[in-house]
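The values are calculated or read from the model by the stated rules, or taken from the named source; none is laboratory data. These numbers come from a predicted model, not from an experiment. The protein model used for the area step is the full one, side chains on, heavy atoms only, and it has no ligands, DNA or RNA in it. Shrake-Rupley method; radii C 1.70, N 1.55, O 1.52, S 1.80 Å.
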Amino acid sequence: MIQASRKLLPAAALAIAAANPLHGAELAIIIDDLGYAVDQAHEVAALPGPLAVAVLPDAPRAARAAEIAHASGKEVLLHLPLQAVGQTTATELTVTLDTSERAMAAMIDEALTRVPHVSGINSHMGSLITRHPGHMSWLMRSLKRYPKLYFIDSYTTERSVALAAAAEAGLPALRRHVFLDADTSVAAIRKEFERALALARRDGYAIAIGHPHPTTLTVLAEAIPSIGTANVRLVALNDLVRRYGLPDPAVGQ
């Protein structure tokens, strides 16, 4: 039975961080919602450092955006649409409460054909679906068919059971800690970036998610080169997953 993972998994991650002090404070950054404009993909790909790029499978330039990101050395994620609270319309590849396990597996297969070079999955929206244990169990079982994939919960609701479902399925997973640009003003994005750095120093690591807004890209282009002066190291997302995203054996027992 899936149990709430909000306390168990961060505690496990903190224990690992304490056991690996040589890694220091680490931050991974994901830029969501790529796939609509090629110019936008180039702008994100030009950002310094090992960022991850999350591409929407229904977007018209999804494959091209993934190719651009991969060619620039960025990690590519499939930004899988999941139904949100109050959402009444959906794309053909949106997982909803009406989606069966078989249909979900077929949707993931199709999405992965549209977005090349994928190393992990992160959730798009999903404030409804991620709190449903059945659908989350189905999702993680579907992802387990692809041995090298991992899952990042964008954590759009505190009621999410996604990490617990991933642990129960034996799938590496982590969650987002900071949204950089819920407010797209430069001042607000800078403040959230500083909060991400503070969380990384406190807990050993943090994951921040932003979007390809001009203000977000401007702040990141300015802030990333000097991140070392904040005693934090920008790292590839898959490195964090390997260190901190292994299933917690306490979950599901």
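The table that follows gives values for the structure above.
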| item | result |
| --- | --- |
| Most fluctuating residue given options 214, 172, 50, as computed from a GNM of the chain linking Cα atoms under 10 Å | 214 |
| Sequence of 190, 202 when ordered by accessible area, the most exposed leading, probe 1.4 angstrom | 202, 190 |
| Protein-only accessible surface order, largest first, of 107, 136 at 1.4 Å | 107, 136 |
| Dimensionless Rg ratio for segment 42-145, taking C-alpha atoms and the 2.2 N^0.38 Å reference | 1.09 |
| For segment 35-82 and segment 97-151, distance of Cα centres in Å | 18 |
| Listed residues 33, 183, 153, 98 arranged by accessible area, highest first, probe 1.4 Å | 98, 183, 33, 153 |
| With all protein chains modelled, accessible area of residue 144 [1.4 Å, Å²] | 100 |
| Computed over segment 69-126: relative contact order in percent, which uses C-alpha pairs under 8 Å that are six or more apart | 54 |
| With DNA, RNA and ligands ignored, accessible area of residue 146 (1.4 Å probe; Å², nearest 10) | 70 |
| Structure-derived semi-axes √(5λ) of the Cα gyration tensor in Å - corresponding label in [x] 26, 23, 16; [y] 42, 20, 14; [z] 35, 19, 15 | [x] |
| Rounded to the nearest 10 Å², the accessible area of residue 222 at probe 1.4 Å | 100 |
| The chain, relative contact order in percent, only Cα pairs under 8 angstrom and at least six apart counted | 27 |
| Most mobile of 88, 156, 218 in a GNM of the chain (Cα contacts under 10 Å) | 88 |
| Kyte-Doolittle at least -0.5, axis length at least 18 Å by Cα - qualifying DSSP helices, the chain | 101-114, 186-203 |
| Three-way shape label, segment 134-235, alpha-carbon gyration tensor, a/c 1.5 | prolate |
| Helix-derived mean residue ellipticity, 222 nm - over the chain, DSSP H n ≥ 4, -39500 (n - 2.57), to 500 | -12000 deg cm²/dmol |
